[in-house]
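Take a look at the structure below.
The values are calculated or read from the model by the stated rules, or taken from the named source; none is laboratory data. From a predicted model like this one, the values you see are computed outputs, not experimental measurements. As a convention, Cβ positions derive from the backbone with ideal geometry for all residues, glycine included, and neighbour counts pool all protein chains shown. Surface accessibility is based on the protein's heavy atoms, side chains included, excluding ligands, DNA and RNA. Shrake-Rupley method; radii C 1.70, N 1.55, O 1.52, S 1.80 Å.
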Amino acid sequence: MGDIRLILGDQLDPKHSWFARHDSSDTYAMMEVRQETDYVRHHAQKVIAIFAAMRDFAETLRGGGHRVLYLRIDDADNKQSIPENLEYLAAQAGATSLELQPPDEYRLDRQFEEFRSRTRLTVRFAANEHFYTERTDADRFFRNRSRWLMEPFYRALRVKHQILVDPNDRPVGGKWNYDSANRKRWRGHPSAPPDRRVTRDQRKLWATISGSGVHTFGDPCADDIPWPRSRADALRHLDEFIEHGLRHFGDYQDAMSAAEPRLFHSLLSFALNTKMLRPSEVIERALDSDAPITAVEGFVRQILGWREYVRGVYWAKMPEYRDRNFFSHALPLPGWFWTGETRMRCLSIAIGDSLAFAYAHHIQRLMVIGNFALLAGLAPAQVHAWYLGVYVDAFEWVELPNTLGMSQYADGGLMASKPYVSSAGYIDKMSDYCASCFYAKSQKTGMRACPFNALYWDFLDRQRPLLQNNPRLALPYRQIDRFTPSSLDDIRARASYLRNHLETL
Ligand code: FAD
Ligand code: SF4
């Protein structure tokens, strides 16, 4: 009697030590289930890309001589729940024990613990083998510190893994952080690399998914899916990025352009989060490249720093983290989050890109969509559900801290030293969006005034009791204090109008 080993849709790591040896008594179980398609409404491309990659992974394992039992979404035997399918598949395989790689989502972790307490199968956990850190490392690191800031955690990981440090553990290039060099506006030069990702026709798979009643949103793009189906696709794309994108990644990391939705971003998050690629190999490729230190450090910081750090926050703070709402924001998301149809050009582009590509880059997510949601006072739980559904790379361990913590400040400043909010000034500085917008970027009040302006000042004004002692906000509060009472009243009135008419902006 052998093991049955479960492979989840975000555990597609062919380098996992499970696959290094063949044991004819072991059976791998994979399943497409409504439990996973329905816990939030997902973008169509996300469901297609994950199922396509799972099917390819199963075929690769079979080709390598492994035994795989695979339940498709429309199989009659599919119970559509992971525990029920596990009991069924274990019986099929004649297995008495189940081996699992630890799931990355709290929801599944709880489900497996509950399953373990009632199943007759012996349940064992294998190593994860993907991340640099363990689930509990950040909790241990920050336990006796007053702030949970990413930077010291990142520096400690650089030293521990000897990444971009000299033999004395000092940063290569003399600086730990090149953030200040990474804030250029993009003016059309250098050219952004063309999107050379391998695309595949997945219309048959899409017909099966939609025919099974799975509700999705966004453009399925089923005849031309650009997300990697396999590690081979992902490696090809990594090569392209290292050769053509990385050198400019640092300079234009915060830039936004209507003409180039991706600019110099890597688009590697789907391959990383489904574990087709390991973060260590992506970082090694960047370190071996001839890109400048500002670009390499900026890129390493995202993966070794932010990615490991947000996972640590997630595991330290769940489950209560999900319910945090520091500002008690409660407005529902306006309907244009599902259509992109708003006259605010920045939002129309950022949401339009998200719906078309199941992707928007970091600054669009943070400083356009998230910024607006926070300024307008949208309910963080609804914002979280939208982000978790819309992006192809969205898995709760990475999405939730980014959305609730970094972008909505709903954790009251655990992750961010101040709310990431801005008026039109920042968006105009970093993008080409404002020039042809319906709204006037420089006006605070009046029907054509950019909504970000009144909402920004009104947000700071309304939240003064919670924010005024934050030293990083001293400057804007001094500015508010110089507003005349009547101009502040006008701003408040305009902001109130905007919040009451979100649907029509
Ligand atoms: P690049 O800009 O090329 O960066 C390289 C890699 O660094 C990414 O692939 C990613 O693995 C990692 N990375 C960069 N920033 C972060 C970050 N803040 N947290 C964790 N990893 C990071 N990322 C997700 O993977 N899934 C999500 O669901 C997700 N939701 C987000 C929600 C909000 C509100 C915000 C502000 C950010 C979110 N991010 C999320 C982080 C980041 O925006 C994406 O990782 C990035 O845009 C993915 O595109 P890319 O591969 O082109 O990244
Ligand atoms: Fe966005 Fe305002 Fe600029 Fe228009 S003017 S693109 S709404 S920031």
(request) Quote the accessible area belonging to S191 in square angstrom, nearest 10, computed with a 1.4 Å probe and with ligands, DNA and RNA left uncounted. (result) 90 Å²
(request) Give the share of C-alpha pairs in each 5 angstrom bin for the range 11-97, from 0 to the last occupied bin, in whole percents, shortest bins first. (result) 3, 13, 22, 23, 21, 12, 5, 1
(message) Run the reach check for K275 against lysines, Cα to Cα strictly under 20 Å, same-chain hits fewer than 8 apart removed. What comes back?
(response) K15, K46
(message) Can you give me the distance in nm between label points at T484 and D23, each placed 7 Å from the Cα along the Cα-to-Cβ direction?
(response) 8.0 nm
(request) Please arrange Y39, Y309, Y106 by accessible surface area, largest first, computed with a 1.4 Å probe and ligands excluded. (result) Y39, Y106, Y309
(message) Give me the extension gain from H161 to E84: residue separation times 0.36 nm, minus the current Cα-Cα distance, reported in nm with one decimal.
(response) 23.6 nm
(request) Starting from the Cα-Cα distance between E134 and T199, subtract it from 0.36 nm times their residue separation and give me the gain in nm to one decimal. (result) 20.0 nm
(request) Note down the accessible area of C346, probe 1.4 Å, to the nearest 10 Å². (result) 10 Å²
(request) Would you mind telling me the share, in percent, of accessible area of the range 1-109 contributed by carbon and sulfur at probe 1.4 angstrom? (result) 48 percent
(request) Evaluate 2.2 N^0.38 Å with N set to the residue count of the range 370-481, then give the Cα radius of gyration divided by it. (result) 1.13
(request) Would you calculate the separation in nanometres between label points at L333 and R462, each defined as 7 Å from the Cα along the Cα-to-beta-carbon direction? (result) 1.9 nm
(request) Under a cut-off of 16 Å between alpha-carbon atoms, report the lysines in cross-link reach of K429, not counting same-chain residues fewer than 8 places apart. (result) K184, K441
(request) Search the structure for amide H atoms under 5 Å from the amide H of Q253, placed 1.01 Å from N in the peptide plane, and list their residues when 5 or more places away or on another chain. (result) K184
(request) Starting from the residue with the highest accessible area, list E320, E87 in decreasing order, probe 1.4 Å. (result) E320, E87
(request) Arrange the residues W386, W206 by how much accessible surface each exposes, largest first, with a 1.4 angstrom probe. (result) W206, W386
(request) List, largest first, the extents of the alpha carbons of the chain along their principal axes, each in whole Å. (result) 79, 56, 46
(request) Assign unit charges at the C-beta atoms only (+1 for Lys and Arg, -1 for Asp and Glu), then state the dipole size of the chain relative to its Cα centre in Debye, rounded to the nearest 20. (result) 1400 debye
(message) Modelling each spin label as a point 7 Å along the Cα-to-Cβ direction, I'd like the R145/E59 distance in nm, to one decimal.
(response) 4.6 nm
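Hey, can you find the accessible area per residue of the range 282-391 for me, probe 1.4 Å, expressed in square angstrom?
Details: 3150 Å² over 110 residues.
In whole numbers, the range 282-391 has 29 Å² accessible per residue.
Against the empirical 2.2 N^0.38 Å scaling, what ratio does the C-alpha Rg of the range 58-148 come to?
It is 1.40.
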(request) Calculate, in nm to one decimal, what S97 and S210 gain on full extension: separation in residues at 0.36 nm each, minus their alpha carbon distance. (result) 37.3 nm
(request) Please work out the FRET efficiency for the pair S117 and T504, using the Cβ-Cβ distance as r and a Förster radius of 41 Å; give the result to the nearest 0.05. (result) 0.20
(request) Work out from phi, with θ = phi - 60° and the Karplus expression 6.51 cos²θ - 1.76 cosθ + 1.60, the ³J(HN,Hα) of each residue of the range 236-245, listed in order in whole Hz, and give x for Gly and Pro. (result) 4, 5, 4, 4, 4, 5, 4, 6, 10, x
